[in-house]
Amino acid sequence: MSMTEYDNDQAYHRPVMLAQCLAAMDLQPDGRYVDVTFGGGGHSARILEKLTTGHLYSFDQDADAEAEAAKLVCPQFTFVKANFRDLGTELQQIGALPVDALLADLGVSSHQFDTPERGFSTRFDGPLDMRMDPDGPLTAGDILNDYKEADLHRIFGMYGEVTNARTLAATVGAARRGRRLETIAELKQAIQPCTPRGKENKYLAQVFQALRIEVNQEMQALQEMLLQTADVLRPGGRLVVMSYHSLEDRLVKNFIGKGKFFGTVEKDFFGNESKPFEAVNRKPEEADPAEVVLNSRARSAKLRVAIRN
C-alpha cells in the first residue's frame, strides 16, 4: 500500500502540526528515526515518504495502532509494540542505536477517542476503561471505585486541573458507596452536581484527562522516556516533542532546559552547564489558526525542539 492510499484509507487520525514536526526532525533520506507514538500512523507515513535507505522505528502499545502499522509494509519500517518508556532497551535489542531524530506526539489518537468501548470520550457511553494498552492492569473504573478520596482529590487537581477537585472527590466517594461505578453515563450522572452549568464539556474533559493520565501512568512514562533520549540520539540529533497540556509541556521544557525535571541545571567544576540538549526555540511552536479551524486538537498543541549536545 502506498503512503497516499494509506492516508486516504485512514482518515481517522489527522496529524497535528505535521509540516512543523517533519521540518524539526531535519529528515535525511538515509537517516535513522524513531516515532515513539505511532497512534494513527499519520506522522510515520509521512516520515517514510522521505526515506530511501533510511529506517523508521515506530512505537505503540495499542493493538489498534499495531493493526494500522501492518498496512505500512515496506523495508524501511519497523513497528515496535511497546510502551515508549522501554525505548532504549527495545532499540538496543534490534540494533537500532543511535538515531538521528526522535518524534513524540503526546496526544491520544482520534481513533481512541472515537471508539466508545475504549472509554476515552465523554461523547459516548461505554465502560470506564481508558487503557492505552488494553492488557494494562488498571482501568478508570478501578481508580474511581478503589482509590481513597484523598488520592482522587490529588489526581483531579494535579492531572485535570479541576478547580473543585476536593468536592469532586467527595462526590465520587459518596456515589460509589453500595455500588460500583461501571459506565461513563453513571460517572456523568454521579458528578453532575459538581459540573459547572454551561461548562459541562470542558469540565468533563478535565476529569477524563485526569483519569486517563493516572490509568496510563503518562507522567511517569514521559519522564522515563525523556531521560533515555540522551543515550538514544546521536550528538546533533533532534528531539521533537509535541504536548497538549501544561503538565507535559512543563516536564519537556524543564528537561530540555536543565537536563532534569525539577531543580536547577547542574554545572561542572568550571561552572559550565551540564545538560544533554540545547533548545532550538525558547518558546514552543503552536499551530496556526487555519489548522485549528480544521482540527480542534491542534489548539492546545505545543511543539518543542532540541538538539543533542
By residue number, the members of the range 158-170 that are open to solvent by less than 30 Å² (accessible area, probe 1.4 Å) and either in a helix (DSSP H, G or I) or at positive phi (or both) are TYR159, ALA165, LEU168, ALA169
How about the range 212-234: which of its residues are surrounded by fewer than 18 Cβ atoms within 10 Å (Cβ to Cβ) and of a type in the set (D, E, K, R)? GLU224, ASP231, ARG234
Does ILE307 satisfy the criteria of being of a type in the set (A, V, I, L, M, F, W, C) and touching an Asp or Glu at 6+ places or on another chain (Cβ under 6 Å)? yes
Filter the range 269-297 down to the residues that are more than 21 Å from ALA101 (Cβ to Cβ) and of a type in the set (Gly, Ala, Ser), then identify the one that is surrounded by the fewest Cβ atoms within 10 Å (Cβ to Cβ). GLY271
Report yes if LYS302 is open to solvent by 50 Å² or more (accessible area, probe 1.4 Å), modelled with pLDDT of 95 or more and touching an Asp or Glu at 6+ places or on another chain (Cβ under 6 Å), otherwise no. yes
Within the range 130-149, count every residue that is open to solvent by less than 30 Å² (accessible area, probe 1.4 Å) and in a loop (DSSP other than H, G, I, E, B). 3
If I filter the range 175-188 for residues that are closer than 28 Å to ALA306 by Cβ and surrounded by 15 or more Cβ atoms within 10 Å (Cβ to Cβ), do I get at least one hit? no
Log entry, pairs with first residue in the range 22-46 being in contact (Cβ under 8 Å) with a residue 12 or more places away in the chain and charged (D, E, K, R), second being assigned to a loop (DSSP other than H, G, I, E, B) and open to solvent by 10 Å² or more (accessible area, probe 1.4 Å), beta carbons closer than 7 Å, six or more apart or on different chains, reads ASP30/THR52; ASP30/THR53
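The values are calculated or read from the model by the stated rules, or taken from the named source; none is laboratory data. Here the structure is a predicted model, which means the values were calculated and not measured. Positions of Cβ are backbone-derived with ideal geometry, glycine not excepted, and every protein chain shown enters the neighbour counts. Calculation scope for accessible area: heavy atoms of the full protein, side chains included, ligands and nucleic acids excluded. Shrake-Rupley method; radii C 1.70, N 1.55, O 1.52, S 1.80 Å.
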